[in-house]
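The values are calculated or read from the model by the stated rules, or taken from the named source; none is laboratory data. Note that the coordinates shown come from a computational prediction; the quantities given were computed from them, not determined experimentally. No Cβ is skipped: glycine too gets one built from the backbone with ideal geometry, and neighbour counts run over all protein chains shown.
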Amino acid sequence: MAAFDVQLDQDVEVLGFEPGFEDSMYLAKVTEINPNNKYVVKYKTLLDDNGVDYLVEEVSGDHIRPAPLVFKIPY
């Protein structure tokens, strides 16, 4: 189970788990919440096999965390 309350359209970081990409983090948005601690995410930086659309995949809640906060500093 995710260690935080996941919401639809929430920005998250997804932990890479494929060989060679372990411990890497990728920004994504939650597009669907499924049973059994599964979430469908749409990555913001990874493209699918056709190289045109952003990759969408189902990931375990154990592999996501909240996206870091972005601070805007006024000049």
| query | Any residue at all in segment 9-19 that is charged (D, E, K, R), under 18 Å from residue 69 (Cα atoms), surrounded by fewer than 10 Cβ atoms within 10 Å (Cβ to Cβ) and modelled with pLDDT of 95 or more? | reply | yes
| request: Read through the list (1) out of contact with any Pro (no Cβ under 7 Å at 6 or more places or on another chain); (2) surrounded by 15 or more Cβ atoms within 10 Å (Cβ to Cβ); (3) not acidic (Asp, Glu), then give the number of the only condition that residue 24 fails. | output: (2)
| note | Scanning segment 25-66 for residues that are at pLDDT below 95 and outside any strand (DSSP E or B) gives 35, 36, 37, 48, 49, 50, 51, 52, 61, 62, 63
| said: All but one of (1) in contact (Cβ under 8 Å) with a residue 12 or more places away in the chain; (2) not in a strand (DSSP E or B) hold for residue 75; state the number of the condition that does not hold. | reply: (1)
| task | Report the residue count in segment 39-57 for those that are over 17 Å from residue 21 (Cβ atoms) and surrounded by fewer than 13 Cβ atoms within 10 Å (Cβ to Cβ). | result | 4
| query | Considering only segment 1-36, how many residues are under 13 Å from residue 57 (Cβ atoms), free of Cβ contacts under 8 Å to residues at least 24 places away in the same chain and acidic (Asp, Glu)? | reply | 1
| field | Among (1) part of a loop (DSSP other than H, G, I, E, B); (2) within 12 Å of the chain's Cα centre (by Cα); (3) charged (D, E, K, R), the one test that residue 5 misses | value | (2)
